[in-house]
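The structure appears below as structure tokens.
Where a number appears in this text, it was derived from the coordinates with a stated rule and is not lab data. In this text the structure is predicted, and so the values were computed from the model without any measurement. Cβ placement follows ideal geometry from the backbone for every residue including glycine, while neighbour counts extend to all protein chains displayed.
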Amino acid sequence: MGSGGAWLLASSAALLVIASCALTASAAKYTVGDTSGWTTGTDYTTWASDKKLKVGDSLVFTYAGGAHTVAEVSAADYASCSSSNTLSSDASGATTVALKTAGKHYFICGVAGHCSNGMKLAVDVAAAAAAAPAPKASPTPDTTPDTTPTTPSSSGGVTPKTPATVLAPPTAKQSASGTTGLRATALAGLGVAGLVAAVQLGLF
């Protein structure tokens, strides 16, 4: 693993630790009934009215073990004070309920007559605040040099031009042969009489 990958792994681990610590620090515990605890004769509706509960918080019920119970029930069983279909129940005297889901949660004492005597609690739990997204790691720049050789152009990028063909002037020999040809042509046109006359005149 390169140095960039190791840095990214270390940063991610640090962010997870920070997020976990923040979540733990923000979770709260609420003692039901405060100093009165979980007992008859307490108005738990008023007690819960100013509580801002959220997922991750906990409810702590303190009571005399064996004298009361803490039963989580449905909304219908809460309204009828029925503990025949509890979602969970405890009678230890010190019950801590972790609030893991958002929404309404209902609790009653399962001992006969206690719920109707005020030992019932309904709380509204809000969803936990979403964690801020982790910052994106900057990509590691590629520092590998480009070793591909560049082939130089033999002509410097300019296409050489083909030199124009220069026609050489006719040579003296060619001129002489041309003159001889003209003379032969003239002789053919003059005939015998003309030839005699031309010789006399010194043309040939």
(request) Read phi for every residue in region 28-33 and hand back ³J(HN,Hα) as whole Hz from Karplus 6.51 cos²θ - 1.76 cosθ + 1.60, θ = phi - 60°, with x for Gly and Pro. (result) 10, 10, 10, 7, 5, x
(message) Can you compute 3J(HN,Hα) from phi for each residue in region 95-111, using the Karplus curve 6.51 cos²θ - 1.76 cosθ + 1.60 with θ = phi - 60°, rounded to whole Hz and x for Gly and Pro?
(response) 10, 10, 10, 7, 8, 9, 10, 7, x, 7, 10, 10, 9, 9, 8, x, 6
(message) Given contacts defined as C-alpha pairs under 8 Å and at least six residues apart, what's the relative contact order of region 27-126, whole-number percent?
(response) 34 percent
(message) Give me the extension gain from Thr35 to Ser116: residue separation times 0.36 nm, minus the current Cα-Cα distance, reported in nm with one decimal.
(response) 27.0 nm
(message) Let me check I've understood the local charge: for Val123, count other residues with C-beta under 9 angstrom from its C-beta, Lys and Arg +1, Asp and Glu -1. What total comes out?
(response) +1
(request) Give me Rg over Rh for region 27-126, both radii from the alpha carbons and Rh done the Kirkwood way, two decimal places. (result) 0.92
(request) For Lys54 and Ser89, calculate 0.36 nm times their separation in residues minus their Cα-Cα distance, and state this gained length in nm to one decimal. (result) 10.5 nm
(request) Can you tell me the order of 61-67, 98-104 when each peptide is scored by its average per-residue count of other Cβ atoms within 10 angstrom, highest first? (result) 61-67, 98-104
(request) Would you mind checking which residues have amide H under 5 Å from Tyr30's amide H? H placed 1.01 Å from N; only 5 or more apart, or other chain. (result) Ser58, Leu59, Val60
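Stretch Ala98-Ala79 to full length: gain in nm at 0.36 nm per residue minus the Cα-Cα span? All intermediate terms of the calculation are to be shown ahead of the outcome.
Numbers: separation 19, 0.36 × 19 = 6.84 nm, distance 2.24 nm.
Net length gain for the segment: 4.6 nm.
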